[in-house]
Protein chains: 2
Amino acid sequence: MRIGELAALVGVSTRTVRHYHHLGLLPEPLRLSNGYREYRLKDAVVLARVRRLVELGLSLDEVRDVLADERGRELRDVLVELDADLARQQEAIGARRARLAVLLEEAELRPDSAVSPEMAEALRGLPPGSRFAELDREMLALVDTAAGPDERDEFLAMLRPLMKTARDTGIYARLDELAEARPDDPRVAGLAADLAGQLTGEMAALMVAHGSEGGWLDEMSAAQREVFRVLVAMLKERSC
Amino acid sequence: MRIGELAALVGVSTRTVRHYHHLGLLPEPLRLSNGYREYRLKDAVVLARVRRLVELGLSLDEVRDVLADERGRELRDVLVELDADLARQQEAIGARRARLAVLLEEAELRPDSAVSPEMAEALRGLPPGSRFAELDREMLALVDTAAGPDERDEFLAMLRPLMKTARDTGIYARLDELAEARPDDPRVAGLAADLAGQLTGEMAALMVAHGSEGGWLDEMSAAQREVFRVLVAMLKERSC
DNA sequence: GCTTGAGGTTGACGTGGCGTCAAGGTTTGT
DNA sequence: ACAAACCTTGACGCCACGTCAACCTCAAGC
C-alpha cells in the first residue's frame with residue numbers, strides 16, 4: 001500500500017499520516033527505491049487505533065502516551081478522565097444554550113430594545129438631564145451586558161431603592177452642581193453625610209470593601225471624587 | 001481606568017484587550033502623555049458585550065459582524081444558528097460518550113484482551129500456523145479498531161461462515177502452498193473455482209464491487225493474487 | 001518519444017484566540 | 001534609592017492539521 005491508499009482505507013488525509021509519522025505516533029514504514037513509503041496491513045491497524053483514540057477526544061500527546069504504556073491500565077484511567085471531561089463540556093454547552101434561550105426569548109419580546117425590561121425600568125428611574133446620572137446609566141449597562149440575569153437582578157434589587165431615594169432627595173442635582181467645583185468646596189461634606197444616611201448596611205459594607213475597585217471614580221470631577229472619599233471614610237469609622 | 005483595571009473589571013487578560021484592539025473589535029481609547037491607554041466606562045460596556053458574545057461561542061469575526069450590523073435582526077439569526085450548532089456539538093459529545101461507555105464496559109469485562117470477545121472468537125476460528133490466515137487476522141483487527149461495534153458485528157456475521165468453511169475445506173492450507181508458486185501454477189484455477197463455489201451471493205457482489213480497493217491484495221504472493229484475480233473474473237461472468 | 005494527469009517527496013507557512021516571553025519605560029510604595 | 005508592579009510594542013508558541021510550493025515518479029494516450 002502507498003500512503004494514499006492507507007489514508008483512504010482509514011479515512012484520513014495523507015497529510016495526517018505524515019503528521020503522525022513526524023510526531024512518532026506511527027512508525028515510518030519501508031521505502032521503495034523511488035522514495036515512496038510502502039505500508040502493510042499492520043500499519044493500517046495501528047493508524048486505525050490512533051484515529052479511534054483521537055476521535056474520542058484524546059490529544060495526540062495523550063495518544064502517544066497510551067500507545068507507549070500499551071497495557072490497558074493507563075488506557076482505562078485516561079478514558080475515565082476523558083468521560084468526565086466530556087461530561088463537563090456537555091454541561092457547559094447546556095448552560096450556554098440555556099443563556100441563549102433566555103436571550104432569544106427576550107429578543108422575541110422586545111425586538112428593538114438593547115437592554116432588558118428590568119434595566120429599562122431602572123434607567124427610567126434616573127433623573128433625565130443629569131450628567132452625573134449618566135455615569136450610573138453606564139454602570140447599569142455594564143452590569144446588564146456583563147452579568148448573567150440572576151446576578152443582574154440581585155444587583156438591581158440592591159441598587160434601585162438607593163437610586164430612587166437619591167433622585168427624590170435631589171442627590172443627583174447636588175452632585176451635578178459639583179462638576180466644576182474644587183475638592184475643598186464647602187458643599188462636599190454635607191453631601192457625603194446625606195449620602196451616608198441613605199445607604200443600607202449592605203451597600204455600606206460593599207463600598208468599604210470594594211470602594212477603590214473598578215475605576216468607577218475615574219470619570220468624576222475632583223469635587224465629586226472627594227464626596228465619595230469622605231463618604232467611604234465616614235462609613236469606615238461608623239463600622240468600627 | 002488603565003488597561004489592567006478594565007481587564008480585571010470585565011474578567012479578561014490585558015492581552016485579550018489589546019488583541020481586540022488589534023482586530024478592531026474595541027476602539028482604541030485616548031492615550032495619556034506617558035503612552036498609557038485611558039479607558040472610560042463606555043469601553044467597559046463595549047468590552048463586556050464582546051465578551052458575552054464570545055462566551056456564547058461566536059468567533060471574533062462573527063462578533064465584529066454583529067457589532068457592525070448592530071440592529072438586532074442579524075444578531076437573532078446568528079444566535080439561532082449558534083444554538084443549532086451547540087445542539088449538534090452536544091449530540092456529538094453524547095455519541096462519543098456512548099462509545100466511551102461501550103469501551104469502558106468491555107474493558108471491565110476483559111481487562112487484558114486487546115480485541116473484543118466476538119473478534120476473539122472469530123480469530124480462534126482461523127487455522128493456527130497458516131501464513132495466509134495471518135492476513136485475515138490483520139484485516140479483522142483493522143475492522144475491530146476502525147469500525148464501530150455495529151459495523152463490526154455486521155462484518156463478522158458476513159465473514160464468519162465463510163471463514164469456517166474455508167478452514168474446514170483446507171482452503172487456507174492450499175493458499176499457503178501457493179506462497180512461493182508462480183502465477184501460472186496449475187493449482188490456481190482449481191482453487192479459484194472452489195472459492196467461487198463457497199461464496200454467498202452477498203459476498204460475491206461485494207468482491208466484484210470492491211475487489212480492487214483497500215490494498216488487501218498487496219501482501220499476497222503473485223500466485224495468491226492470481227487466485228483472486230481469476231475468482232473475481234469468474235464472479236463477474238457469473239453475475240452477467 | 002512527448003505530454004498529461006495523478007500519484008509521491010520534503011519544507012514552510014496559515015489557521016484562532018490568545019499565552020508568554022523580551023526589552024524596554026512609568027508609577028507607586030517603602 | 002530601589003524594588004515591585006504597572007504599562008508599551010513586537011514576536012514567537014500552541015494544536016492538529018490544511019494548503020501551497022517546487023520537485024520527482026509512474027502509467028496511459030498521442
Looking for whichever is more than 16 Å from DNA strand C (Cβ to nearest atom) and in contact with a Pro (Cβ under 9 Å, 6 or more places away or on another chain) here; the options are B:Asp69, B:Asp43, B:Asp83, B:Asp77. Which one fits? B:Asp43
For the list (1) more than 11 Å from every other protein chain (Cβ to nearest Cβ); (2) within 16 Å of DNA strand C (Cβ to nearest atom), I need the number of the one condition that B:Ala48 fails. (1)
When every residue in the range B:35-52 that is in contact (Cβ under 8 Å) with a residue 12 or more places away in the chain, surrounded by fewer than 18 Cβ atoms within 10 Å (Cβ to Cβ) and over 12 Å from A:Leu142 (Cβ atoms) is compared, the one farthest from DNA strand D (Cβ to nearest atom) is B:Glu38
Please go through the range B:151-198 and pick out each residue that is of a type in the set (Phe, Trp, Tyr) and touching a Ser or Thr at 6+ places or on another chain (Cβ under 7 Å). B:Tyr172
Out of the range A:149-193, which residues are over 37 Å from the mean Cα position of the chain (by Cα), acidic (Asp, Glu) and in a helix (DSSP H, G or I)? A:Glu177
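Looking at the range B:14-31, which of its residues are surrounded by fewer than 16 Cβ atoms within 10 Å (Cβ to Cβ) and either within 9 Å of DNA strand C (Cβ to nearest atom) or closer than 22 Å to B:Leu60 by Cα (or both)?
Looking only at the range B:14-31, we keep the residues that are surrounded by fewer than 16 Cβ atoms within 10 Å (Cβ to Cβ), and these are B:14-15, B:18-19, B:21-24, B:27-28, B:30-31.
Passing the criteria: B:Thr14, B:Arg15, B:Arg18, B:His19, B:His21, B:His22, B:Leu23, B:Gly24, B:Pro27, B:Glu28.
If you go through the range A:1-13, how many residues are among the hydrophobic types (A, V, I, L, M, F, W, C), touching a Lys or Arg at 6+ places or on another chain (Cβ under 8 Å) and near DNA strand C (Cβ under 9 Å from one of its atoms)? Full working, then the answer.
Step one: list which residues in the range A:1-13 are among the hydrophobic types (A, V, I, L, M, F, W, C), which gives A:1, A:3, A:6-10, A:12.
Narrowing the set further to residues that are touching a Lys or Arg at 6+ places or on another chain (Cβ under 8 Å) leaves A:1, A:3, A:10, A:12.
Then keep just the ones that are near DNA strand C (Cβ under 9 Å from one of its atoms); that gives A:1, A:3.
The total comes to 2.
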Taking the range B:17-58 and keeping only residues that are modelled with pLDDT of 90 or more and small (Gly, Ala, Ser), one is left with B:Gly24, B:Ser33, B:Gly35, B:Ala44, B:Ala48
So, B:Ala204, is that one at pLDDT 85 or above and more than 26 Å from A:Leu32 (Cα to Cα) or not? no
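Per-residue answers, yes or no, for (1) within 9 Å of DNA strand D (Cβ to nearest atom); (2) within 12 Å of chain A (Cβ to nearest Cβ); (3) surrounded by fewer than 18 Cβ atoms within 10 Å (Cβ to Cβ):
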{"site": "B:Val12", "(1), (2), (3)": "no, yes, no"}
{"site": "B:Ser33", "(1), (2), (3)": "no, no, yes"}
{"site": "B:Leu58", "(1), (2), (3)": "no, yes, no"}
{"site": "B:Ala68", "(1), (2), (3)": "no, no, yes"}
{"site": "B:Arg76", "(1), (2), (3)": "no, yes, yes"}
{"site": "B:Leu79", "(1), (2), (3)": "no, yes, no"}
{"site": "B:Ala84", "(1), (2), (3)": "no, yes, yes"}
The residue from B:Ala146, B:Ala193, B:Ala189 that alone is modelled with pLDDT under 80, in contact with a helix residue (DSSP H, G or I) (Cβ under 8 Å, 6 or more places away or on another chain) and either surrounded by fewer than 17 Cβ atoms within 10 Å (Cβ to Cβ) or small (Gly, Ala, Ser) (or both) is B:Ala146
Any idea which of B:Arg64, B:Arg88, B:Arg96 is facing chain A (nearest Cβ under 9 Å) and among the charged types (D, E, K, R)? B:Arg96
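The values are calculated or read from the model by the stated rules, or taken from the named source; none is laboratory data. Keep in mind that what you see is a predicted model, and the values were worked out from it rather than measured. When we count neighbours, we look across all protein chains shown, and the Cβ atoms used for this are built from the backbone with ideal geometry, even at glycine.
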